Every structure is written in structure tokens, then in C-alpha cells.
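Structure first, commentary second.
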Amino acid sequence: MVKAELTKTIEARKLNKRTMRVLSPDPVTIPFGGILDKIESDDYVMRFFYLGEPFETDLLKVKGALKSLE
């Protein structure tokens, strides 16, 4: 499992835990210093868990905001 710390605040969309589909189109703010867990990335989307909840965000927007913890 990949873990990373945020070096800046990002916006992400919350996902349903069971279906991994977007619950709301409105983004949620993930604060600076947040620890992201179970990070997976596709072509343009990055999925991760923050405080036990699944989220997704655009890969290009978050690329420079991660600091690896491993």
C-alpha cells in the first residue's frame, strides 16, 4: 500500500465505498498535511483513501502535491 502526505491543499470528489462511484459532483477540500492511503492512479484520475473514506481527483492537479512516506 502506498502512503503519501499532501504538501498543499487539494480538492477531490468523495466516492461510494461499495461501488467506487462519485457521490456528489461538488469537490471536498483535503487539507495540507493530510495522509493519503491506498493510492491508485489511472490515465487521468487518482483514487485514494483519506480518513478511511474513498476519494478521487484529477491526476495532473495533484501530481506535485504528494510527498511519499515510504
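The values are calculated or read from the model by the stated rules, or taken from the named source; none is laboratory data. The model shown is predicted, which means the values in this text are computed figures rather than measured ones. Cβ atoms come from the backbone with ideal geometry, glycine included; neighbour counts cover every protein chain shown. Accessible surface areas use protein heavy atoms only, side chains included; no ligands, DNA or RNA. Shrake-Rupley method; radii C 1.70, N 1.55, O 1.52, S 1.80 Å.
Computed quantities for the displayed model
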quantity	calculated
Where the chain is the region considered: accessible area per residue in Å², 1.4 Å probe	69 Å²
Protein-only accessible surface order, largest first, of ASP26, ASP58 at 1.4 Å	ASP26, ASP58
Accessible-area ranking of GLU11, GLU56, largest first, probe 1.4 Å	GLU11, GLU56
Solvent-accessible area, 1.4 Å probe, carbon plus sulfur percent, for the chain	52 percent
Nonlocal amide H pairs with LEU66, under 5 Å, H built at 1.01 Å	THR7
Mean residue ellipticity (222 nm) of the chain, computed from DSSP H runs ≥ 4 via -39,500 (n - 2.57), nearest 500	-1000 deg cm²/dmol
Amide H contacts of VAL2 (H built 1.01 Å from N, under 5 Å, at least 5 apart or other chain)	LYS38, ILE39
Residue-by-residue Karplus 3J(HN,Hα) for region 30-39, coefficients 6.51, -1.76, 1.60, Hz, glycine and proline x	9, x, 3, x, x, 9, 9, 10, 6, 6
10 Å beta-carbon shell around ALA4, net charge (K/R +1, D/E -1)	-1
Long-range HN-HN contacts of GLY34 with modeled amide H, under 5 Å	LEU6
Those trypsin sites (Lys or Arg not before Pro) in the chain that DSSP places in a loop and that have at most 13 other beta carbons within 10 Å	LYS8, LYS17, ARG18, ARG21
Ranked order, SER24, SER68 - accessible area, probe 1.4 Å, largest first	SER68, SER24
The chain: proportion of alpha-carbon pairs further apart than 16 angstrom, %	39 percent
Tally of Lys pairs whose C-alpha atoms are under 15 Å apart, taken over the chain, 8 or more apart or cross-chain	9
